[in-house]
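These notes are about the structure you will find just below.
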Ligand code: ATP
């Protein structure tokens, strides 16, 4: 049974549509990330699921129960929705110990003292803070405080955990650590997670499914690698992946036994689509999208580029280059060191193109 269902959800603030006719099904035990640029409606969507925001229109179900319906005039308050909430500013109570912070919600729910104690210790063990239970928040590092906040949210055992950029106050190293903790936690507690982030890397690495939004409208909802390999449109292709996909304006000029011939201003490609063979026609204007790692450095290639800059990170090297007026970003595993203005050859892996319509931006093949 799906855990969360949003049907035709719209939220208007005055004339601004924060979310427009939005449909989403989050399956039981999914880890869904709501991803998109600033202002695209991620937080509003999460708040509507939690009950902190009231949709203008539509219906929301959690665990088979309608919790909001504009038509049936149902609107359950947040505490009746069985969801845990974790926000960026997860203020812990400063005058309470870690133990008391975790126990607080359970006391409000009228749990018995021995049950509370058992649960606090279970949670503390889960997020590895058992030795910190007697400390006050001010005596903890940012990462430790974050773990306490997670334990506090999970203690009442919500089936659904809603999180809004919960790691954004942490430094890069801690954030990476906490991501891996969250991913383990998600498996261990068998709950459904919905997680707001504007960071595509975070969304890619954590999610079982990414829900990518733009201006309140759903762009694509799929597992991370499917979105990466098969972006539905130019916006998705551009937003997912770092460094970004290369886009090259071209035209379909020929069809041969192997596939299509695409011609850009100073460049000709052979393209063999993996699927959607019939979607291209001769004369069509297209945008070819190529991931930086699908461009290979090849000394003998006839495609000659001039190096603009080389950015080594140790594990990989990013090369910015110019191919007869076309700016390219290339990622190569390992270490290379090209001089500025050095001439290099590049090859394209013709199976890994994404071909988009120039007029609509939708993926054709
Ligand atoms: P960010 O990543 O910057 O937090 P977001 O994707 O979470 O952005 P929302 O906060 O959901 O975006 O906002 C979506 C749109 O709704 C924006 O245009 C925002 O200005 C508008 N909006 C959100 N809350 C309100 C409000 N209370 N009153 C008026 N407009 C609002």
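Here, each number is a calculation from the coordinates, and none is a lab measurement. Fair warning: this is a prediction, and the values are worked out from it, not measured in the lab. Reconstructed Cβ throughout: ideal geometry from the backbone, glycine too, with neighbour counts over all protein chains shown.
As a length-normalised measure over Cα pairs under 8 Å and 6 or more apart, the relative contact order of region 246-357 settles at 29 percent. Per-residue ellipticity at 222 nm, computed for the chain from helices alone with -39500 (n - 2.57) per DSSP H run of at least four residues, works out to -7000 deg cm²/dmol.
Peptide packing for 209-215, 58-64 was compared via the average number of neighbouring C-beta atoms within 10 Å per residue; ordered from the highest value, the list is 209-215, 58-64. Start at zero, step by 5 Å, and the Cα-Cα distances of region 246-357 spread as 2, 12, 22, 23, 16, 12, 8, 4, 1 percent across the bins.
Relative contact order for the chain: 15 percent, from Cα pairs under 8 Å spaced at least 6 residues apart, divided by residue count.
Looking at the chain, the DSSP beta bridges with both ends there are about 75 percent antiparallel. With everything on Cα atoms, drop me the angle between helix 172-189 and the longest principal axis of the chain, reported from 0 to 90° to the nearest 10. With rounding to tens, the tilt is 70 degrees. Here is the tail figure for the chain: Cα pairs spaced more than 39 Å apart come to 31 percent of all pairs.
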